[in-house]
């Protein structure tokens, strides 16, 4: 057994971002400024879009996406029950009504057929989540959106590297939203970014993300003179700091190297767990690129002779940190009480949520870390 605890989802932080953060502190420019603008530029270039707006979280980005697209209170937004609560909360905070559609049992992403069944006269948008980094069936979802005149907001919290049939996730719908939380593939500690090809949506996202002001602080104090700002809308305090961007602007330069390392770990896990009585992640589909954010296995107690929660405890006792992504949204008390959602109404999501377990998958993992995970899983789950 390991001597030290392997924390789930630890990011790899290297010298350039450490030095960049120190430089920001020495310059005394800590808030939104030139580094935030440079990070936006680098992410936009990587994703192949003209506009990227840095924010303090993906949750903020999802909320603003609902706002800037002109969705009105009471409008319905269809999304997945297999997601983090932030997806639902952002919809609710925008005054909208979340509607759940079940997932495909294999991909764990929104099932287009279930989305069609969930559409009502009040439906105004679809919010697909590229779960674990696997792209959603965007051709089908976009066809549904076009047929019913719906907006599409892509939740790309897991999906910075994800590609779908030659297109990058987050650039297919009206808006895409990235996360740079500490467990993500590219990190800034906390942080998010909205992607769009529409300059008007980009401008309004930036304005609404900083109180609704017409000019951010950096632009007001440029060398070409002071310009008074106006407050154009009742906005929010969602801007990204240069301290955050100082980390991200170097992380994004290593995004492909980190992806390659996670692919090595993913491949090793697949080989090592082939004989275990568990369900491994579905194979990659042709023409799609998985971001490899989460390596999720399903543990069925009847097949494995041990429950998912028992496996969690067993791995914890062997100093292996894990995650659960996710218990379904209808299993959470507040959503059952507020919306009357029954977990049984989403059987595929319920099946996954009761059995899913995420193993460590990070570019920071050493070969020995990976072997420790494998040995612990093989020791806990009977063959």
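The values are calculated or read from the model by the stated rules, or taken from the named source; none is laboratory data. All values derive from a computational prediction rather than experimental measurement. Methodologically, a virtual Cβ is constructed for each residue, glycine included, from the backbone with ideal geometry; neighbour enumeration extends over all protein chains shown.
Take the conditions surrounded by 14 or more Cβ atoms within 10 Å (Cβ to Cβ), at pLDDT 95 or above and within 30 Å of residue 267 (Cβ to Cβ) and apply them to residue 327. Does it pass? Yes; evaluated as a whole, the condition is true for this residue. Listed by position, the helices (runs of 4 or more DSSP H) enclosed by the stretch 279-349 that each have at least 1 residues that are over 20 Å from residue 8 (Cα atoms) are 301-304, 333-339. Screening 44, 132, 94, 65 for residues that are under 25 Å from residue 358 (Cβ atoms) and buried (at least 17 other Cβ atoms within 10 Å of the Cβ) leaves exactly one candidate, 132. Looking only at the stretch 366-383, residues that are crowded, with 20+ Cβ neighbours inside 10 Å and more than 21 Å from residue 313 (Cα to Cα) come to 0 in all. In the set (1) without any contact (Cβ under 8 Å) to a residue 60 or more places away in the chain; (2) farther than 14 Å from residue 352 by Cα; (3) in contact with a strand residue (DSSP E or B) (Cβ under 6 Å, 6 or more places away or on another chain), residue 308 fails one condition alone, (2).
All conditions in (1) in contact with a strand residue (DSSP E or B) (Cβ under 6 Å, 6 or more places away or on another chain); (2) more than 28 Å from residue 21 (Cβ to Cβ) hold for residue 114, with the sole exception of (1).
Residues that are exposed (fewer than 13 other Cβ atoms within 10 Å of the Cβ) and modelled with pLDDT of 85 or more were ranked within the stretch 212-237; the one that is nearest to the chain's Cα centre (by Cα) is 237. So, residue 37, is that one surrounded by fewer than 20 Cβ atoms within 10 Å (Cβ to Cβ) and either assigned to a helix (DSSP H, G or I) or out of contact with any helix residue (DSSP H, G or I) (no Cβ under 9 Å at 6 or more places or on another chain) (or both) or not? Spelling it out, residue 37 is indeed surrounded by fewer than 20 Cβ atoms within 10 Å (Cβ to Cβ) and either assigned to a helix (DSSP H, G or I) or out of contact with any helix residue (DSSP H, G or I) (no Cβ under 9 Å at 6 or more places or on another chain) (or both). Among the candidates 116, 134, which residue alone is under 13 Å from the mean Cα position of the chain (by Cα) and not assigned by TED's automatic domain parsing to the domain that holds residue 349? Selected residue: 134, the only one of 116, 134 that is under 13 Å from the mean Cα position of the chain (by Cα) and not assigned by TED's automatic domain parsing to the domain that holds residue 349. Taking (1) closer than 27 Å to residue 65 by Cα; (2) modelled with pLDDT of 95 or more in turn, residue 259 satisfies each apart from (1).
Let's see how each residue does on (1) within 22 Å of residue 75 (Cβ to Cβ); (2) part of a strand (DSSP E or B); (3) under 14 Å from the mean Cα position of the chain (by Cα):
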site	(1), (2), (3)
142	yes, no, no
153	yes, yes, yes
161	no, no, yes
177	yes, yes, yes
201	yes, no, no
205	yes, no, no
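Remark: pairs (first residue in the stretch 208-221, in the same structural domain as residue 54 (by TED's automatic domain parsing) and on the phi > 0 side of the Ramachandran plot; second residue modelled with pLDDT of 55 or more and surrounded by fewer than 16 Cβ atoms within 10 Å (Cβ to Cβ); Cβ separation under 7 Å; 6+ apart in sequence or on different chains) = 211/231; 211/237; 212/231; 212/232; 212/233; 212/234.
Residues checked against (1) over 30 Å from residue 79 (Cβ atoms); (2) surrounded by fewer than 20 Cβ atoms within 10 Å (Cβ to Cβ); (3) more than 18 Å from the chain's Cα centre (by Cα):
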residue	(1), (2), (3)
255	no, yes, no
262	no, no, no
275	yes, yes, yes
289	no, no, no
300	no, yes, yes
317	yes, yes, yes
341	no, no, yes
344	no, yes, yes
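Among residues of the stretch 242-271 that are farther than 23 Å from residue 19 by Cα, those with a Cβ under 6 angstrom from a residue that is part of a helix (DSSP H, G or I), sequence gap 6+ or separate chain, pair up as 265/370; 268/370. Does residue 376 satisfy the condition of being out of contact with any helix residue (DSSP H, G or I) (no Cβ under 8 Å at 6 or more places or on another chain), touching a residue at least 24 places away in the same chain (Cβ under 8 Å) and under 21 Å from residue 275 (Cα atoms)? Here the answer is no, as residue 376 does not meet what is asked. In the stretch 350-364, the residue that is surrounded by the most Cβ atoms within 10 Å (Cβ to Cβ) out of those that are in contact with a strand residue (DSSP E or B) (Cβ under 8 Å, 6 or more places away or on another chain) and in a loop (DSSP other than H, G, I, E, B) is 361.
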